[in-house]
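Take a look at the structure set out below.
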Amino acid sequence: MSDADTALPQTAWQQEALSQGLHKALAEHADDVRSARDAALARRGTLNAMLAALPEQDQQRLAAQIGETPWIF
Amino acid sequence: MDLLNADIASQLGSLRRGELSPVQLCEAWLARVERYDPLLNCFVHLDRDDLLAQARRSEARYLRGEVLGRLDGIPVAIKDVIDVAGMPTTAHSKILLGNQPNQDADCVARLRAEGALIMGKLATHEFARGGPAFDLPFAPARNPWNTAHHPGGSSSGAGAGVAGGLFPLAIGTDTGGSVRNPAAACGVIGFKGGYDRISRNGVFPLSPTLDHVGPLARHVSDIALAWRCLDRQAKDPETARPYDDLRGMRIGYLRDLHLGTPKATDETAQALDAAARTLTDLGAVVEEAQTWPLPFYFDVNRIVLSSEAWHIHQPWLRDRPQDYAAITRRGLLEGAFYSAGDYLEAMRCRKLIRSHVLDLFERYDVLLLASSFTPACAIDDPHEVARTYSQQARVIFNLSGTPAIGMMAGLSKDGLPLSLQFAMADNREHDLLRLAATWERATPWHAMRPPL
């Protein structure tokens, strides 16, 4: 177990990384792990904001897809 | 040898007429490699003896009058995520050092069946995901227009080598634009057909629902020939004759896409407006068409790509994170932080995007749009590389799975290529190549060569 694994309290991003089994990456490349987690968080945020800003017609088309298979081709 | 500037059909003509042999042709290409590859770093694996042995077998076929196929005696180079029997597939990574497949990828097997000579393996961004990196077993490829600049990626060696005249044809892969990006940066042609039209069997995956295999070349005729050889449906002609004019063609110009945020450089925007005028002069009806801002496409692409890439790389990211380049590690780790719900939400957006693109193709035969918003940036500036990657309009057609081609559209004041894209609906690859041939004939760009 690495220091990062056992150190308390763990921050949310560290907990997320450990839940994905990234013990070694967290111990040796913590900056990269945090940067990747921040990028994912930011991208989810901007995508949600863009979805909220879609025209009503597109929102309806998107809503209609709930429950459909995600495969597109 | 001027023949090296000519298209593949001209080279084949010389071989068939006996004006030169496949060995002589191969040696001429190898001389270019030996002279310029030390500057460009295109190859990560090149076996000169094996290549010449292939050329001798081709020569024997010509002498016997038993030419094998459409590419007999023509050297083709392969991105190093695509398996070639007897050559290493490293994906430009420490992780796969020592990996030597004993079977060709389907696309390579198709090329061999046509008589192509497989030259070697080409530099890529690590696993087609990172960026230019200096902490890998191989140096990154460099742009022949200015070796201090990025050649684009991830099919970096393919774009740089075709532009530099090291080989006439290369095969790359395109998940978020990785065939069309080096084509844009290096001033050559990069093409992807519809999703799954070229087999991905034997290609190391990055994001299987987005991955496309595609050719890069300097001539549209070479792209058309390669497409005929590689396309699993094999239904299109092997030549793409330019249209006499474009009367009756409806072209939707996605101008707002590069004038929003992010915004293209003035030079790029001017080149695209000039392209719209040229197409109008050829008889097309060019109208401005509307679409969503580029970041919407980019974020959807990145969530899908990162999630699928994480699924592939998670064992190595857990056990051997130190063996990736830092830029790749950060990029791949992003996928660890998306949930199944995030992935499904992105796929739902993707269905909306495909519907939208198909709607556009109801109104327009062709879409004209930017490829890269900027000329190639400096290769050793990671912040600029990261910034410019989000300023590329290619991801749209990986998400929609529809055909697209990237071509040169001008030259910046700094002497670097400017670029555009044309896109068409499913199953219109041949029409798209004919339009590309028309653009090639109408403009001077394709004849320009980097000042090596």
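Bear in mind these aren't lab numbers, they're just calculated from the coordinates by the rules spelled out. Everything numeric here is computed off the predicted structure, so don't read it as measured data. Methodologically, a virtual Cβ is constructed for each residue, glycine included, from the backbone with ideal geometry; neighbour enumeration extends over all protein chains shown.
Compactness of chain B was expressed as the Cα radius of gyration divided by 2.2 N^0.38 Å, which yields 0.91. Inter-chain neighbour count for B:290-297: the average number of beta-carbon atoms from partner chains within 10 Å of each residue's beta-carbon is 2.
The alpha-carbon atoms of region A:3-63, seen along their principal axes, cover 51, 17, 17 angstrom, with the largest extent given first. Counting other Cβ atoms within 10 Å as a rough exposure proxy, the listed residues B:ASP174, B:ASP211, B:ASP380 run B:ASP380, B:ASP211, B:ASP174 from fewest neighbours to most. Legend: residue pairs B:LYS235/B:LYS413; B:LYS192/B:LYS263; B:LYS121/B:LYS263, Cα-Cα distance threshold 32 Å; pairs beyond threshold, B:LYS235/B:LYS413; B:LYS121/B:LYS263. When B:ILE78, A:ILE72, A:ILE66, B:ILE198 are sorted by how many other C-beta atoms sit within 10 angstrom of their C-beta, beginning with the fewest, the order is A:ILE66, A:ILE72, B:ILE198, B:ILE78. For region B:1-148, the percent of C-alpha pairs falling in each 5 Å distance bin, counted from 0 to the bin holding the largest distance, reads 2, 10, 18, 20, 19, 15, 10, 5, 2, 0. Report summary: the helix-based calculation at 222 nm, which adds -39500 (n - 2.57) for every DSSP H run with n ≥ 4 and divides by the residues of chain B, gives -13000 deg cm²/dmol.
The Kirkwood hydrodynamic radius of the protein assembly as shown, based on inverse pair distances between different Cα atoms, is 23.3 Å. Amide H contacts under 5 Å for B:HIS149: B:ASN143, B:ILE379, restricted to partners 5 or more places along the chain or on a different chain, H placed in the peptide plane at 1.01 Å from N. Each residue of region B:266-278 is assigned a 3J(HN,Hα), and the resulting list reads 4, 4, 5, 4, 5, 5, 5, 4, 5, 4, 4, 5, 4 Hz, derived from the Karplus form 6.51 cos²θ - 1.76 cosθ + 1.60 (θ = phi - 60°), x at Gly and Pro. Mean sequence separation of contacting Cα pairs (under 8 Å, at least six apart), scaled by the length of region B:296-451, corresponds to a relative contact order of 21 percent. Once you reduce region B:123-152 and region B:352-368 to the center of their Cα atoms, the two points are 33 Å from each other. When B:GLU59, B:GLU27 are sorted by how many other C-beta atoms sit within 10 angstrom of their C-beta, beginning with the fewest, the order is B:GLU27, B:GLU59.
Centre-to-centre separation between the Cα atoms of region B:381-447 and those of region B:231-290: 10 Å. Look at the stretch B:326-339: the mean tally of other chain Cβ atoms within 10 Å of its residues' Cβ atoms is 6.
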